[in-house]
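A quick write-up on the structure given underneath.
The values are calculated or read from the model by the stated rules, or taken from the named source; none is laboratory data. Source: prediction; values computed, not measured. Cβ sites come from the backbone with ideal geometry, for glycine too, and all protein chains shown count toward neighbours.
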């Protein structure tokens, strides 16, 4: 077989070809049979198991879970006291000096830092950074007092 004969055979393949039998009649019959068999199940479960129904249910469930999470966080923040509330409740007079000489130096340093921060807050009363530093210093003073009480 040479190249000329191959090209002729390829040209013959481009011609339309009619099937030996009609395929549409058997396809229509098969589809009708499947529709009749599945129709009762589809009618009973279509509203419950449709993708649209599942999507709506998932969106609703995720929104409800989000709202519960936000409510839980809000409730927790309202119920739990913050460190600054605890420190302010435990504030002691500034003239405290521990009996232990090892803690006395730390008490003097913390007291001086607290006084400097109070002066800075008077100059910038709405500074959250200064307020956080003051709260942290007062917390450290409270912890130092607790340490002195435990030591003796």
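List of remarks:
- Residue within the stretch 99-120 that is within 33 Å of the chain's Cα centre (by Cα) and either modelled with pLDDT under 85 or in a helix (DSSP H, G or I) (or both) present: no
- Out of 79, 85, 44, one residue alone is at pLDDT below 70 and either assigned by TED's automatic domain parsing to the domain that holds residue 134 or under 30 Å from residue 143 (Cα atoms) (or both). It is 85.
- First in the stretch 115-126 and on the phi > 0 side of the Ramachandran plot and surrounded by 10 or more Cβ atoms within 10 Å (Cβ to Cβ), second anywhere and assigned to a helix (DSSP H, G or I) and at pLDDT below 90, Cβ under 9 Å, 6 or more apart: none
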